[in-house]
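Okay, structure first, notes after.
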Amino acid sequence: MYKFFRYDWLLGLTMVMLGTACSQSEAPPAKQTKQVVDVSIILYEEREAGIDPYPVRILVSPEYVRFDDGYDESDFVLFDRGSRMLFSVTHENHSVLEIRNHPFIGSLPPDITLTEDRVEDDNAPPIAGKKPVHVRYLANETPCYQTISVSGLLNNAVAGLIEYETALGERQLGNLQSVPDTMQTPCFLSRYAYAPERHYTHGLPVQIWDETGFY
């Protein structure tokens, strides 16, 4: 199951007051101020074949999107929404992999047609007072993946996640020459390159899965 909530995150910022130095007078102490930053937190449980489920935490603020393992000290991926740069931070190696944004715009190939099917479920319980929608996403009539989504839930977070997926898709478009032809199926191309944000069409996915399982 997936959990989601919002809260105000307090970040301590130091404002240093600069003045003219005077004899027998010390500079005024640093003034501590706090800035309230609105952060959305989404907690997922990811499942892959052959391994135990593990948590994935997503934090979305107006400036950043962060993916980690559910605790502050874990390794993490950070997306800068302003510069559209990606950072992968590994504590064990004391390393930061920096991936700069190189926009690459491409159109969906004419031989790929994207469609979707809505699966009605009148018995689905509401989430945050809203009715979830079950959608199957297809490419050339082949099922690619499915979501259960809630429209109008954490809209600001959804906007940040769309920006993140779009940036990844642009980078994948620029690197398609490194992807084996056998992997470049309509589902792969639509999901990772040409329409990577498609699963946010109906709001925030509270569940998403493909043939490999839940994630």
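The values are calculated or read from the model by the stated rules, or taken from the named source; none is laboratory data. It should be emphasised that the depicted structure is a prediction, and the values quoted were computed from it without experimental measurement. Methodologically, a virtual Cβ is constructed for each residue, glycine included, from the backbone with ideal geometry; neighbour enumeration extends over all protein chains shown.
For this structure, a couple of remarks:
- Selection within the stretch 47-70 - exposed (fewer than 15 other Cβ atoms within 10 Å of the Cβ) and either in contact (Cβ under 8 Å) with a residue 40 or more places away in the chain or part of a loop (DSSP other than H, G, I, E, B) (or both): Arg47, Glu48, Ala49, Gly50, Ile51, Asp52, Pro53, Pro62, Glu63, Asp69, Gly70
- Selection count where residues are under 12 Å from His199 (Cα atoms) and either assigned to a loop (DSSP other than H, G, I, E, B) or aromatic (Phe, Trp, Tyr) (or both), scope the stretch 114-146: 2
- Residue check, Glu73 modelled with pLDDT under 95, of a type in the set (D, E, K, R) and either surrounded by 12 or more Cβ atoms within 10 Å (Cβ to Cβ) or outside any strand (DSSP E or B) (or both): yes
- Residues of the stretch 147-183 satisfying the condition of being among the small types (Gly, Ala, Ser) and either within 21 Å of Glu46 (Cα to Cα) or in a helix (DSSP H, G or I) (or both): Ser149, Ala157, Ala159, Gly160, Ala167, Gly169, Gly174, Ser178
- Residue check for Arg81: at pLDDT below 95 and closer than 23 Å to Ala159 by Cα: no
- Within the stretch 200-213, one or more residues are part of a helix (DSSP H, G or I) and in contact (Cβ under 8 Å) with a residue 12 or more places away in the chain.
- Candidates His102, His91, filtered to the one that is free of Cβ contacts under 8 Å to residues at least 24 places away in the same chain and either in contact with a Cys (Cβ under 8 Å, 6 or more places away or on another chain) or not hydrophobic (A, V, I, L, M, F, W, C) (or both): His91
- Scanning the stretch 130-150 for residues that are of a type in the set (Ser, Thr, Tyr), touching a Pro at 6+ places or on another chain (Cβ under 9 Å) and surrounded by 14 or more Cβ atoms within 10 Å (Cβ to Cβ) turns up Tyr137, Thr147, Ser149.
- Pairs where the first residue, in the stretch 109-125, is modelled with pLDDT of 95 or more and among the polar types (S, T, N, Q) and the second is surrounded by 10 or more Cβ atoms within 10 Å (Cβ to Cβ) and part of a strand (DSSP E or B), C-beta under 6 Å, 6+ apart: Thr115/Leu138
- Considering the stretch 84-108, the residues that are at pLDDT below 90 and among the charged types (D, E, K, R) include one that is nearest to Cys187 (Cα to Cα), namely Arg100.
- Residue within the stretch 186-194 that is farther than 22 Å from Phe79 by Cβ, in a loop (DSSP other than H, G, I, E, B) and more than 16 Å from the chain's Cα centre (by Cα) present: no
- Taken over the stretch 136-174, the residue count meeting the criterion of being aliphatic (A, V, I, L, M) and under 18 Å from Pro186 (Cα atoms) is 4.
- From the options Ile105, Ile99, Ile127, residue that is under 19 Å from the mean Cα position of the chain (by Cα) and either surrounded by 16 or more Cβ atoms within 10 Å (Cβ to Cβ) or not acidic (Asp, Glu) (or both): Ile99
- Filtered residues of the stretch 112-155 (kept if in contact with a helix residue (DSSP H, G or I) (Cβ under 6 Å, 6 or more places away or on another chain) and under 12 Å from Gly203 (Cβ atoms)): Thr147
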